[in-house]
1. When you scan segment 60-70, do you find a residue that is over 16 Å from K38 (Cβ atoms) and either in a loop (DSSP other than H, G, I, E, B) or not assigned by TED's automatic domain parsing to the domain that holds D126 (or both), even just one?
2. Based on this model, can you work out whether P129 counts as surrounded by fewer than 16 Cβ atoms within 10 Å (Cβ to Cβ), within 14 Å of S47 (Cβ to Cβ) and either in the same structural domain as E64 (by TED's automatic domain parsing) or among the acidic types (D, E) (or both)?
3. Kindly indicate whether R108 is touching a Leu at 6+ places or on another chain (Cβ under 6 Å) and buried (at least 16 other Cβ atoms within 10 Å of the Cβ).
Amino acid sequence: MRARLIRDAIRLGTFLLVCFLGVIGLFAVFGQLRFGEKTSTYKAEFSNVTGLEKNDFVRIAGVEVGQVKKVAIQPDTTALVEFTADSSVVLTQGSRAVIRYDDLIGGRYLALEEGAGSPKQLKPGDTIPMTHTSPALDLDALIGGFRPLLKALDPDQVNALSGQLIRALQGEGATINSFLAQTAALTTTLADRDQLIGDVIINLSVVLGSLGDQNK
């Protein structure tokens, strides 16, 4: 009888241990926890950080290297973003911080890139100035420019086209040429094709002009 109780206690203990490890694993995945990795904290100034939130990813070439820790509006209405990066990451005075779209529903992440400037290494706590940062694209305005065309396509085509356009403009592999080729392929069967494309061109002239002013 006693041996049976001991076996049952061992089984229960094993079960509880497995459950505990499972809960820790879920926290690690959904809480974006980073165990056993030393990180350094930096800051970056932005003219606009709409959509960027605490705990959003920090990435280099698509690889997660840290997290956004704090987003604060300064007295001059600019924004200061505090973020962490793995201690193995080397940031220099030429490094750039860019807010990019993570998905089509508005999620953002902070991308770190190497740009023109001094190769002198930044120290933890240093700030990337606004001259070396860029806010996210205005997705609403961008997609709005394509509204005449998107109304004529089915939802799957809209999602594919929108995603490729964002990736192309963010420099994430797709090119404008491939986007235009896909657009041409999707519109070959549409009535009033020339009118649709003409409306898109007019709308995008305004949108892209504002994007150019924003990045100056």
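The values are calculated or read from the model by the stated rules, or taken from the named source; none is laboratory data. It should be emphasised that the depicted structure is a prediction, and the values quoted were computed from it without experimental measurement. Here Cβ is always computed from backbone atoms with ideal geometry, including for glycine, and neighbour counts include all displayed protein chains.
1. Scanning segment 60-70 turns up at least one residue that is over 16 Å from K38 (Cβ atoms) and either in a loop (DSSP other than H, G, I, E, B) or not assigned by TED's automatic domain parsing to the domain that holds D126 (or both).
2. On the way: surrounded by fewer than 16 Cβ atoms within 10 Å (Cβ to Cβ): yes; within 14 Å of S47 (Cβ to Cβ): yes; either in the same structural domain as E64 (by TED's automatic domain parsing) or among the acidic types (D, E) (or both): yes.
Criteria met by P129.
3. Judged against the criteria, R108 is a match.
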